[in-house]
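The values are calculated or read from the model by the stated rules, or taken from the named source; none is laboratory data. These numbers were taken from a predicted model, which means no experiment stands behind them. Every residue, glycine among them, receives a Cβ derived from its backbone with ideal geometry; neighbour counts consider all protein chains shown.
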Amino acid sequence: MARVCELTGKRVMTGNNVSHANNRTRRRFLPNLTKATLISETLGRSVSFRLSTHALRSVEHNHGLDNFLLKARDADLSANALKIKKEIKKKQAAAK
């Protein structure tokens, strides 16, 4: 399983460890990923994602999963998140 946030697309970054003597060795910066279950109000069910903690804060800031997904770019979302976004759009269109 790749170390990628399903909602924001945050990935592993690379850089250098720099010693006191200015020796440089390659290192990896891993995203802080957690498994989280979020509730979709439109669909009326919970959805499980592997998210960065930054994405969890962003979902809270946007007042829930539905609003976050509708505002998010499709390029950043995983296949699972795109499927949920499509279901939300379909359900909201049917409700109108």
* Using the structure shown, decide if Leu69 is at pLDDT 95 or above and either small (Gly, Ala, Ser) or surrounded by 15 or more Cβ atoms within 10 Å (Cβ to Cβ) (or both). => yes
* Structure fact -> For the stretch 2-45 the number of residues that are within 22 Å of Leu65 (Cα to Cα) and surrounded by 11 or more Cβ atoms within 10 Å (Cβ to Cβ) is 20
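Mind telling me which of the residues Ala21, Ala81 ends up being of a type in the set (A, V, I, L, M, F, W, C) and within 10 Å of the chain's Cα centre (by Cα)?
Values: Ala21 fails: within 10 Å of the chain's Cα centre (by Cα).
Of Ala21, Ala81, the one residue that is of a type in the set (A, V, I, L, M, F, W, C) and within 10 Å of the chain's Cα centre (by Cα) is Ala81.
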* Selected residue (only one of Leu77, Leu82 is surrounded by 11 or more Cβ atoms within 10 Å (Cβ to Cβ), hydrophobic (A, V, I, L, M, F, W, C) and in contact with a helix residue (DSSP H, G or I) (Cβ under 7 Å, 6 or more places away or on another chain)) -> Leu77
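Scan Thr53, Thr34 and give me the residue that is under 27 Å from Lys89 (Cα atoms), in contact with a Lys or Arg (Cβ under 8 Å, 6 or more places away or on another chain), among the β-branched types (Val, Ile, Thr) and free of Cβ contacts under 8 Å to residues at least 60 places away in the same chain.
Values: Thr53 fails: in contact with a Lys or Arg (Cβ under 8 Å, 6 or more places away or on another chain).
From the options Thr53, Thr34, the qualifying one is Thr34.
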* Within the stretch 88-96, is even one residue of a type outside the set (Val, Ile, Thr), in a loop (DSSP other than H, G, I, E, B) and at pLDDT below 95? -> yes
